[in-house]
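Inspection log for the structure reproduced underneath, given as structure tokens.
The values are calculated or read from the model by the stated rules, or taken from the named source; none is laboratory data. Note that the coordinates shown come from a computational prediction; the quantities given were computed from them, not determined experimentally. Cβ coordinates were reconstructed from backbone atoms using ideal geometry, including for glycine residues, and neighbour counts include every protein chain displayed. We work out accessible area using only protein heavy atoms, side chains counted, and drop any ligands, DNA or RNA first. Shrake-Rupley method; radii C 1.70, N 1.55, O 1.52, S 1.80 Å.
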Amino acid sequence: MNLFLPFFFGFLSAVVGVIPPGLINMTAAKISLFDGKKRALVFVLGALLVIFFQTYISVIFAQYIDKHQEVVILLREIGLFIFIALTVYFLKFAKKPQIKENLTVKSKRSRFFMGMVISAINFFPIPYYVLISVAMASYNVFTFKPLPIYSLVTGVVAGSFMVFYFYVVFFNKMKTKADYLINNMNKMIGTITGVVALLTLFNILKFYLK
């Protein structure tokens with residue numbers, strides 16, 4: 001099994017999931033502004049530790065689901081409607097992401113622990129990476145074996161770190177001028193979810209036409 005593909009898709013999935021302005025990346029950016037980049041990166045490391053375990057748990061749960069093909073087909077069909085809905089939303093209805101100016105950072109204590117806590121209260125990664133893992137396995141680019149699992153988890157952590165680092169380092173530039181990525185984020189995400197929806201539809205039709 002090629003270990004690069006699980007890493008690549010894990011990396012890509014993390015970038016898509018983390019890049020919209022959210023609590024973790026915006027808090028990291030604020031810490032960078034007020035306390036410096038080093039403390040912001042300590043916060044990011046705390047968040048990444050939790051993301052590592054969340055992703056690993058997601059993949060283990062996905063392994064159980066993958067053994068029950070009736071559940072896999074159901075998830076594909078549910079995922080198809082979800083990805084279609086996301087595509088329509090991001091391309092037609094979503095507002096341009098805004099960088100909130102009133103986000104405050106109260107704690108002055110351990111940034112590492114703070115990163116862990118804020119990441120832990122975000123439950124979105126678990127169902128997200130369950131769906132990603134099952135989809136990858138159905139396309140035969142991922143198997144539930146130790147090395148591919150760790151490759152996928154490492155890719156997710158690496159992709160998350162890249163986005164968090166982007167927010168920590170480039171937050172000021174993002175505030176002062178219209179950044180191309182921010183302005184076109186909805187179109188980019190909508191295009192990606194649209195492609196995934198088409199691939200999912202193809203996979204469903206392929207199953208039923210056997």
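Please tell me which of these pairs span more than 32 angstrom C-alpha to C-alpha: Lys145/Lys187; Lys67/Lys187; Lys30/Lys92?
From the list (Lys145/Lys187; Lys67/Lys187; Lys30/Lys92), the Cα-Cα distance tops 32 Å for Lys145/Lys187; Lys67/Lys187.
Quick one: length gained pulling Ile204 to Tyr89 fully straight, 0.36 nm per residue minus the C-alpha distance?
That works out to 39.1 nm of additional length.
In the range 27-81, carbon and sulfur make up what percent of the accessible area (probe 1.4 Å)?
After summing per-atom areas, the C and S share lands at 72 percent.
Could you compute the net charge surrounding Leu41? Neighbours are other residues with a C-beta less than 14 Å from the C-beta of Leu41; K and R count +1, D and E count -1.
Value of the local net charge: +4.
Where the convex hull is taken over the Cα atoms of the range 9-93, what is its projected area averaged over directions, in nm²?
Value for the range 9-93: 7.2 nm².
If you stretched the chain out fully between Lys145 and Ala120, how much longer would it get, using 0.36 nm times the residue separation minus the C-alpha to C-alpha distance?
Length gained, Lys145 through Ala120: 6.4 nm.
Using 0.36 nm times the number of residues separating Ala158 and Leu33, minus their current alpha carbon distance, what extension gain do you get?
Full extension of this stretch gives 42.7 nm more.
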